[in-house]
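Notes to accompany the following structure.
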Amino acid sequence: MRNPITLLVCLAPFVRLTTIRQLSRISQAILAMTGRVTMQGMARWSSTGGSYRTIQRFFATVLPWELLFWVFFRTHLHDPDDVYLVGGDETVVSKAGKQTHGLDRFFSSLAGKPVPGLAFFTLSLISVKQRRSFPIQVAQLFRARGEPASVPDATPPPVEPAPKRKPGRPRKDATPPPVD
């Protein structure tokens, strides 16, 4: 596999070399991983210098991602003879849990209903000749307090009946049947 650091050197005027080394190790680990991508998994799959603490430091660093995406695109991917369109799309990633920042209920077109998860909006340059999309900006979306999960042309969900109890002993709080 080609060393990612050779591709990331173009970002040197905008971020520290330490950050570029960390990004190189993390990107190599992500490309090698299978299954869920977690910080612990990245630490396991990364080479020397990619400890869990290093990965935490990288993700705690504030980076000018829009600028980095643009510089990387201009340096390695731009074709002057191609035509590029600008497109944007929102995507919802379903997620269980309660402590993830931005976790809320968002409408998922695949599920056809609001699901708990994270929502992202991506702005991309789309190559007409290559028929590929190159993201240049990704932003996490948050719902305003009190705003309902948007559901296009939604009808109220059907009310599910309470689950049937197995026959057996009556509940403790149940009233006894009348005796005749």
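Among the listed residues Ala43, Ala111, Ala119, which satisfies the condition of being in a loop (DSSP other than H, G, I, E, B) and either surrounded by 11 or more Cβ atoms within 10 Å (Cβ to Cβ) or in contact (Cβ under 8 Å) with a residue 24 or more places away in the chain (or both)?
Among Ala43, Ala111, Ala119, only Ala111 is in a loop (DSSP other than H, G, I, E, B) and either surrounded by 11 or more Cβ atoms within 10 Å (Cβ to Cβ) or in contact (Cβ under 8 Å) with a residue 24 or more places away in the chain (or both).
For region 69-76, state whether one or more residues are among the hydrophobic types (A, V, I, L, M, F, W, C) and open to solvent by 90 Å² or more (accessible area, probe 1.4 Å).
There is at least one residue in region 69-76 that is among the hydrophobic types (A, V, I, L, M, F, W, C) and open to solvent by 90 Å² or more (accessible area, probe 1.4 Å).
Taking Phe69, is it out of contact with any Phe, Trp or Tyr (no Cβ under 7 Å at 6 or more places or on another chain) and more than 30 Å from Leu17 (Cβ to Cβ)?
Spelling it out, it is not the case that Phe69 is out of contact with any Phe, Trp or Tyr (no Cβ under 7 Å at 6 or more places or on another chain) and more than 30 Å from Leu17 (Cβ to Cβ).
So which residues in region 18-38 are more than 19 Å from His76 (Cα to Cα) and exposed (fewer than 15 other Cβ atoms within 10 Å of the Cβ)?
If we filter region 18-38 for residues that are more than 19 Å from His76 (Cα to Cα), which is where we start, we get 18-19, 22, 25-26, 29-30, 32-38.
Thr18, Ile30, Ala32, Thr34, Gly35, Arg36, Val37, Thr38, listed by residue number.
Just for region 78-88: of the residues that are in contact with a strand residue (DSSP E or B) (Cβ under 6 Å, 6 or more places away or on another chain) and not in a loop (DSSP other than H, G, I, E, B), which one is most open to solvent (accessible area, probe 1.4 Å)?
Leu85
Suppose the filter is in a loop (DSSP other than H, G, I, E, B), among the β-branched types (Val, Ile, Thr) and at pLDDT below 90; does Val37 pass it?
Details: in a loop (DSSP other than H, G, I, E, B): yes; among the β-branched types (Val, Ile, Thr): yes; at pLDDT below 90: yes.
The answer is yes for Val37.
Which one is farthest from His101 (Cα to Cα), of the residues in region 50-65 that are open to solvent by 60 Å² or more (accessible area, probe 1.4 Å) and of a type in the set (A, V, I, L, M, F, W, C)?
Trp65
Within region 92-106, work out how many residues are open to solvent by less than 70 Å² (accessible area, probe 1.4 Å) and assigned to a strand (DSSP E or B).
Final tally of qualifying residues: 3.
Of the numbered conditions (1) in a helix (DSSP H, G or I); (2) within 23 Å of the chain's Cα centre (by Cα), Val9 fails exactly one; give the number of that condition.
The failed condition is (2).
Search region 129-140 for residues that are farther than 17 Å from Arg74 by Cα and pair each with any residue that is small (Gly, Ala, Ser) when their beta-carbon atoms are under 9 Å apart and the residues are at least 6 apart or on different chains.
Close Cβ pairs (under 9 Å, with a partner that is small (Gly, Ala, Ser)) amount to Gln140/Gly102; Gln140/Ala119.
The values are calculated or read from the model by the stated rules, or taken from the named source; none is laboratory data. Computed from a predicted model, the values in this text were never measured in an experiment. Heads up, the Cβs are rebuilt from the backbone with ideal geometry, glycines too, and the neighbour counts pull from every protein chain shown. Accessible surface is based on the protein model in full, side chains and every heavy atom, while ligands, DNA and RNA are left aside. Shrake-Rupley method; radii C 1.70, N 1.55, O 1.52, S 1.80 Å.
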